[in-house]
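Asks: I have a structure here, written as structure tokens, and I will follow up with some questions on it.
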Amino acid sequence: MRVIITEHALRRLREPRQEDITAGDIIAAAGSIPGTVVSTTRFRGFTSRSNRVFDIVIKDILEGRLVITIIGK
């Protein structure tokens with residue numbers, strides 16, 4: 001499945017709260033969610049390679065899985 005990261009989500013990665021979370025971490029997290037996400041949904045408790053815990057908000061669209069935002073813990 002193709003994972004699309006929005007500009008908003010990429011900007012959030014540069015904020016201190018999302019420090020040490022990479023685009024690769026986001027792609028791996030979004031790809032690990034099984035099934036189809038019909039409406040915008042927050043998924044909690046992912047861990048980056050640097051052991052930073054984060055949540056993602058995603059929705060499936062025709063082009064693939066859209067990552068709307070990232071929330072670092």
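The values are calculated or read from the model by the stated rules, or taken from the named source; none is laboratory data. These numbers come from a predicted model, not from an experiment. Here the Cβ positions follow ideal geometry from the backbone for every residue, glycine too, while neighbour counts run over all protein chains shown.
Asks: Identify all residues within the stretch 31-60 that are of a type in the set (A, V, I, L, M, F, W, C) and either over 15 Å from HIS8 (Cβ atoms) or touching a Phe, Trp or Tyr at 6+ places or on another chain (Cβ under 6 Å) (or both); write none if there are none.
Replies: The answer is ILE33, VAL37, VAL38, PHE43, PHE46, VAL53, PHE54, ILE56.
Asks: Here is a follow-up. Every residue in the stretch 48-67 that is surrounded by fewer than 17 Cβ atoms within 10 Å (Cβ to Cβ) and within 11 Å of the chain's Cα centre (by Cα), please.
Replies: If the condition is that a residue be surrounded by fewer than 17 Cβ atoms within 10 Å (Cβ to Cβ) and within 11 Å of the chain's Cα centre (by Cα), then ASP55, LYS59 are the ones that fit.
Asks: So, of the residues in the stretch 1-47 that are surrounded by 15 or more Cβ atoms within 10 Å (Cβ to Cβ) and in contact with a Gly (Cβ under 7 Å, 6 or more places away or on another chain), which turns out to be nearest to ILE71 (Cα to Cα)?
Replies: Taking the candidates together, the pick is GLN18.
Asks: May I pose another question? Anything in the stretch 30-69 that is touching a residue at least 60 places away in the same chain (Cβ under 8 Å) and either on the phi > 0 side of the Ramachandran plot or assigned to a strand (DSSP E or B) (or both)? List them, or say none.
Replies: Once the filter is applied, which keeps residues that are touching a residue at least 60 places away in the same chain (Cβ under 8 Å) and either on the phi > 0 side of the Ramachandran plot or assigned to a strand (DSSP E or B) (or both), the stretch 30-69 yields GLY64, ARG65, LEU66, VAL67, ILE68, THR69.
Asks: Quick one: would you say ILE61 is under 14 Å from VAL3 (Cβ atoms) and aliphatic (A, V, I, L, M)?
Replies: yes
Asks: Filter the stretch 1-38 down to residues that are within 15 Å of ASP55 (Cα to Cα) and among the acidic types (Asp, Glu) and give me whichever is modelled with the highest pLDDT.
Replies: ASP25
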